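Chemist: The structure's right below; bear with me while I get my questions together.
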Amino acid sequence: MNSAAAPDPPHSGGSPNAKHVMTAEERAEYERLRRHAAVRHRRARRAGSWVLLLLALLLAPLAVVAAWVHDTVSDTDRYVATVAPLASAPPVQDVVINRLTDRVVDNVDVQAVTDALVRTLQDAGAPPRVVDGAASLEGPLRNAVRTVVDRTVTRVITSDAFQQVWEGANRRSHAAVVNMLTGDREGAVGAVNGTVQLNVGQVVDQVRERLVDAGFDKASAIPDTDRTITLFETEQLGKAQDAMRLLDVLGTWLPVLTVVLAALAVWTAPAHRVMLMITATGVGVMMVGLLVVLALIRRVYLDSVPPAVLPADAAATIYDTFVRFLRDSTLTLLVVSVIIALVAYLYGPGRLARGVRTAAGRGTQATGRGLENAGMHTGAVGRLLAGHRQWITGVVIGAAALTLVLWNHPTVGAVALVVGVALAVLAVLAILAAAGPAGSTAEQAGQRAVP
């Protein structure tokens with residue numbers, strides 16, 4: 001065994017340049033201690049990574065729900081996009097049509113109409129048979145009124161105008177509630193010191209202008225002060241605003257915290273690729289669990305709504321419409337998790353992964369050689385691509401991930417589009433690398449890992 005030399009410690013009394021040659025026993029003890037320290041270090045890293053992973057997995061569904069609630073509550077455009085389909089949903093339209101028709105028909109006194117007709121006929125000296133026939137017209141007349149009202153209400157509810165009115169009303173009401181909860185004074189309704197106030201400034205301006213136009217010149221002296229009307233005071237307003245601020249923090253930072261914890265779990269683990277695959281699989285499982293919970297809540301909700309209050313099909317439509325963005329986000333994260341786990345596996349030493357990489361490499365090599373034989377040489381660009389395959393692959397994957405991060409509410413279709421474009425770019429770059437004049441370099445590059 002070759003012996004190694006080490007400088008004497010400062011307290012040894014030897015000269016600074018003196019060397020201490022370790023014996024075989026000392027070298028063995030040194031190697032044992034180093035292996036022991038390495039094992040302890042790896043165990044600590046592994047334990048820390050598993051703790052971080054557990055926290056990330058527990059927070060993942062909460063982060064998705066918090067982000068969805070935050071977007072729905074604080075973003076008026078998102079809220080309107082959530083409730084807009086209800087105006088055109090046939091089950092909901094049927095409920096609205098039936099209830100409006102019932103209310104209108106109930107306010108029509110059909111019996112008073114038939115009584116007046118009977119009195120008129122009696123005063124005119126009509127035969128008793130005619131008078132009795134008029135008295136029995138109440139039922140047919142009520143049915144006729146209902147038919148006319150139902151046709152009219154149906155025409156209104158199913159028109160595009162109702163869709164626009166529905167969206168406009170929801171936009172105004174939601175903006176007013178958000179302004180009240182956030183303390184924003186720009187809207188018509190705002191909150192100041194525990195009071196909810198209505199801003200009538202625009203109304204005052206219009207009234208002043210119309211009065212002046214009508215000849216009341218003194219109306220121009222109407223002051224600009226006292227342009228707000230206190231609607232009501234409540235002690236719960238402060239609590240509601242505090243809850244809104246908490247929701248704003250959770251909806252913004254809880255997803256960020258979850259991503260950071262997952263990234264730290266992968267970075268801390270001794271085997272980064274394996275931990276990435278485990279993390280992606282765990283997040284996918286949590287998303288499946290969240291979808292199951294949503295399905296269970298849907299069943300509980302439908303069972304709790306009496307048919308007399310709301311028909312089952314209308315209740316199902318309302319629930320599905322309200323949670324569809326949450327379901328879409330959950331499905332998107334599930335698909336992303338599956339893709340990440342699959343990519344992490346394909347970069348591993350498994351037999352299937354090696355087979356996929358080999359098949360992909362042979363395909364790009366064959367295509368590249370075909371282009372080269374056809375006289376389409378990529379020259380220095382091909383050599384550059386072949387020599388830096390791993391870096392280029394990482395850049396493409398990073399660009400795809402950044403695109404999904406910056407995408408506003410990506411869907412499964414958006415993920416499929418980004419992944420498809422990334423795979424196409426990687427395939428084209430691999431073919432260009434294989435078509436370089438330096439065939440040996442391209443072949444060596446093709447033998448390395450191909451995503």
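Chemist: Can you report the number of residues in the stretch 393-435 which are of a type outside the set (V, I, T) and over 30 Å from N373 (Cβ atoms)?
Modeler: Number of matching residues: 16.
Chemist: Quick check on my filter: what residues within the stretch 148-161 are open to solvent by 40 Å² or more (accessible area, probe 1.4 Å), assigned to a helix (DSSP H, G or I) and either under 16 Å from V95 (Cα atoms) or at pLDDT below 80 (or both)?
Modeler: V148, D150, R151, T152, T154, R155, V156
Chemist: Now for a different question. State yes or no: is R245 modelled with pLDDT of 85 or more, of a type outside the set (D, E) and on the phi < 0 side of the Ramachandran plot?
Modeler: In short, no.
Chemist: I need the full set of residues from the stretch 359-392 which are in contact (Cβ under 8 Å) with a residue 40 or more places away in the chain and not in a helix (DSSP H, G or I), in order please.
Modeler: Passing the criteria: M376, H377, T378.
Chemist: Further question: Can you name the residue in the stretch 411-441 that is open to solvent by less than 40 Å² (accessible area, probe 1.4 Å) and in a loop (DSSP other than H, G, I, E, B) and is also modelled with the highest pLDDT among such residues?
Modeler: A435
Chemist: I want to confirm something. Restricting to the stretch 78-108 and keeping residues that are charged (D, E, K, R) and in contact (Cβ under 8 Å) with a residue 60 or more places away in the chain, which single residue is most open to solvent (accessible area, probe 1.4 Å)?
Modeler: Taking the candidates together, the pick is D94.
Chemist: Still on this model: The conditions are (1) loosely packed, with under 14 Cβ neighbours inside 10 Å; (2) at pLDDT 90 or above, and K239 fails exactly one of them. Which is it?
Modeler: The number of the failed condition is (2).
Residues are listed down the side, and each one gets a yes or a no for (1) of a type in the set (S, T, N, Q); (2) under 28 Å from P270 (Cβ atoms):
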| position | (1), (2) |
| --- | --- |
| R43 | no, yes |
| S49 | yes, yes |
| L52 | no, yes |
| A56 | no, yes |
| L62 | no, no |
| V65 | no, no |
| V69 | no, no |
| T72 | yes, no |
| D75 | no, no |
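Chemist: If I filter the stretch 247-258 down to residues being touching a residue at least 24 places away in the same chain (Cβ under 8 Å) and either touching a strand residue (DSSP E or B) at 6+ places or on another chain (Cβ under 9 Å) or not polar (S, T, N, Q) (or both), which single residue comes out as nearest to L333 (Cα to Cα)?
Modeler: The residue in question is P255.
Chemist: Please state which one of P311, P270 is at pLDDT below 95 and more than 30 Å from A44 (Cα to Cα).
Modeler: Testing whether each residue is at pLDDT below 95 and more than 30 Å from A44 (Cα to Cα) leaves just P311.
Chemist: Could you say whether any residue in the stretch 317-333 is closer than 22 Å to L264 by Cα, among the hydrophobic types (A, V, I, L, M, F, W, C), in contact (Cβ under 8 Å) with a residue 60 or more places away in the chain and open to solvent by 50 Å² or more (accessible area, probe 1.4 Å)?
Modeler: The answer is yes; a qualifying residue exists.
Chemist: Would you point out which residue out of G368, G387, G379, G361 is touching a Ser or Thr at 6+ places or on another chain (Cβ under 9 Å), open to solvent by less than 40 Å² (accessible area, probe 1.4 Å) and not acidic (D, E)?
Modeler: G368
The values are calculated or read from the model by the stated rules, or taken from the named source; none is laboratory data. None of these values were measured; they are calculated from a predicted model. So basically every Cβ, Gly included, is an ideal-geometry build from the backbone, and we count neighbours across all protein chains shown. Calculation scope for accessible area: heavy atoms of the full protein, side chains included, ligands and nucleic acids excluded. Shrake-Rupley method; radii C 1.70, N 1.55, O 1.52, S 1.80 Å.
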